[in-house]
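Okay, structure first, notes after.
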């Protein structure tokens, strides 16, 4: 009995079979269709340009299969890049469509790899993106020259980056690591269990709570000794969730905005002076 192919592999085989039905275009045919879309937005011409190059997208996507992502996903992203290339292609520039489209195809595939690789953002700058996609090749080349010995320093130099930048990207490329996963050879101990508990103990929590209560009481005492205008401004400008503007307070007391600012500065100065002994303790 012949074993069934996995669903994903079967879907990929079916897709490859389907796109072989679309004929390749000669250079003259490609130019005619490209002009039709460029000049008249002929969607049928655009469809022909896209379908005739689907096999090339598969070829480009296969160059990125070692990143461990599904080939169909890479192909789908590459197809989007191809469609963008057709949309922006100018047939009067004197280059073939595929020579122009390859950059769009690779860009969309690389963006997909970057976004799928880790929950943490990597490759956020152009230099990091270049390093992400070139470091494997650089490491392999250096290893071959060194008799299969790893040399991160040499690989970093070949890419014109520091060894620290190279090492950090290498660590990121290892992918996400679950803290609940078991450490090999540890009898079931998880990575989470090895992390130090930096939370405060009961005595420390009690001390912090006591300090907060003392601070709140001191502030309340200071505010209660302010005059009406000072207390109003502190409550409405400093401690309020939605502070009033200087103009709103000025209108409330029928005084100028500058006078409100002066009263606010004086009230804050009194408050700070009262809190200095507590802050120095």
Candidate set: segment 79-95, residues that are farther than 22 Å from residue 69 by Cα and in contact with a helix residue (DSSP H, G or I) (Cβ under 7 Å, 6 or more places away or on another chain); chosen: the one surrounded by the fewest Cβ atoms within 10 Å (Cβ to Cβ):
90
Residue hits (segment 236-271; surrounded by fewer than 14 Cβ atoms within 10 Å (Cβ to Cβ) and either within 19 Å of residue 218 (Cβ to Cβ) or not assigned by TED's automatic domain parsing to the domain that holds residue 222 (or both)) are 238, 239, 269
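The values are calculated or read from the model by the stated rules, or taken from the named source; none is laboratory data. Computed from a predicted model, the values in this text were never measured in an experiment. For neighbour counting, all protein chains shown are included, and Cβ atoms are generated from backbone atoms with ideal geometry for every residue, glycine included.
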